Amino acid sequence: MTSPPRRPLMGLAEISDYYAITRQLAQKWATRSDFPEPLDHLRSGRIWDRDEVLAWGRKHGRRKGAGPGAPKAPVTGGSGRAGAT
């Protein structure tokens with residue numbers, strides 16, 4: 001019998017590692033109203049769907065390993081110009 005595929009998950013530690021930010025900043029992001037809802041609350045903390053967190057990051061111009069002081073990636077709008085909304 002094969003087990004169902006596992007859903008990739010992230011906690012605050014994984015979010016902070018992925019984006020090269022502090023856990024405090026990851027916590028701050030997680031309290032934003034537009035941040036994905038956690039899938040569950042464990043004794044070790046909240047967990048999120050990795051794909052939802054990464055989609056949120058792309059939407060907000062966050063890049064892997066960029067850190068808090070790095071410039072955001074350009075966001076393209078309907079016109080195709082960087083930074084257009």
Long-range amide H partners of Leu9, meaning residues 5 or more apart or on another chain whose placed amide H is closer than 5 Å, are Arg50
Burial-style ranking of 7-19, 33-45, average other-beta-carbon count within 10 Å with highest first, yields 7-19, 33-45
A convex hull over the alpha carbons of segment 1-69 yields, per residue, a volume in Å³ of 104 Å³
Summed over the other residues with a beta carbon less than 13 angstrom from that of Gly45, with K and R at +1 and D and E at -1, the charge totals +1
Sorted largest first, the C-alpha extents of segment 1-41 along its principal axes in whole angstrom are 42, 22, 15
Along segment 50-55, Karplus-curve 3J(HN,Hα) (6.51, -1.76, 1.60; θ = phi - 60°) to the nearest Hz, with x for Gly and Pro, reads 4, 4, 5, 5, 5, 5
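We did not get these values from a lab; they are worked out from the coordinates using the rules stated. In this text the structure is predicted, and so the values were computed from the model without any measurement. Every residue, glycine as well, gets a Cβ built from its backbone with ideal geometry; the counts of neighbours run over all protein chains shown.
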